[in-house]
Amino acid sequence: MKAASRRFHFQLTPLLDLLLIVIFAQYLEVTQQAERQTIAAERQVVERQNELGRRYAQLEADLEQERESLRVERQNVADSDAANSAEVEELRRRLEDVAAQQRQAANLVAELFHIPQELIDEALKPLPIGTPPRSQKEVERLRQRFEELAVLRGPEVVEHLLSYDELRKRADVWRLRIERGGGIVFTPGESSQSFRASTPAEFASRLFDRYKTLPQPKGLVVLLVSYGDARADVRQAVIDGLPEAVRLMREDRLGRTQFEYAVLGYIPDDSTR
């Protein structure tokens, strides 16, 4: 009995060893499989993170592009608003100029505009006995002059009054017109001279140079300045440079000629033709 029991004990030990080996092998396999799964899972996580990173970067780029588009659009809107505001301001200034000219003309010739036709006819009747009668030509000329004055408006009235025959006997009337393209037209008589200037000093110098080419002026020179759809910078350069130009011409004449200027303001281009 004892021998049989001992043989059984010795035969069981290798089986236990084999079982332990199998269990350890399975453990190693399970461990390696778990490690492989962990590595695969980590790789998937990394790939997923990379994919999310790429998507995030793309979304950031798209968002930045959208921000830039919105910024450009806002800037365009702001520029458009500024341009519209400047245009509105320019139109408002022109309307104010026209209104001021109309008020000035109305003050100067208010009575003239309201002269009844009967008074015009009365003024053109033959003179009393003993005085030389007016010729028919003179009567017709006076009648035409009254009719012309009665229909004049705004800047035409101002210019007409300033350039009237009696004034021309004692003064020179020069005209200065700022054109749409920035050119400056100087008309001291029948002929005109054109030049350009971008600063007040440049304008004063160039106007003085053209003044020096003219014949000796009369004792009074009236310079009439007007502009149409002219650039604001050129217009401002002319207006700011007028006092200096007048000073240069006055000093050149040593006080023998009085120079005056009047800014008629905005006059539509069609009105000067």
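The values are calculated or read from the model by the stated rules, or taken from the named source; none is laboratory data. Note that the structure is predicted; figures quoted are calculated from it, not measured. As a convention, Cβ positions derive from the backbone with ideal geometry for all residues, glycine included, and neighbour counts pool all protein chains shown.
The table below lists the values:
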read-out	value
Check on Gly189, exposed (fewer than 13 other Cβ atoms within 10 Å of the Cβ), in the same structural domain as Val263 (by TED's automatic domain parsing) and farther than 22 Å from Tyr266 by Cα	no
Sole exception among (1) crowded, with 19+ Cβ neighbours inside 10 Å; (2) of a type in the set (D, E, K, R); (3) farther than 25 Å from Glu89 by Cβ for Arg177, by number	(3)
Any hit, segment 237-246, residues being within 20 Å of Glu90 (Cβ to Cβ), within 30 Å of the chain's Cα centre (by Cα) and exposed (fewer than 14 other Cβ atoms within 10 Å of the Cβ)	no
Filter pass, Val234 being in a strand (DSSP E or B), among the aliphatic types (A, V, I, L, M) and in contact (Cβ under 8 Å) with a residue 12 or more places away in the chain	no
Considering residues of segment 192-228 that are assigned to a helix (DSSP H, G or I) and of a type in the set (A, V, I, L, M, F, W, C) only, the residue surrounded by the most Cβ atoms within 10 Å (Cβ to Cβ)	Leu207
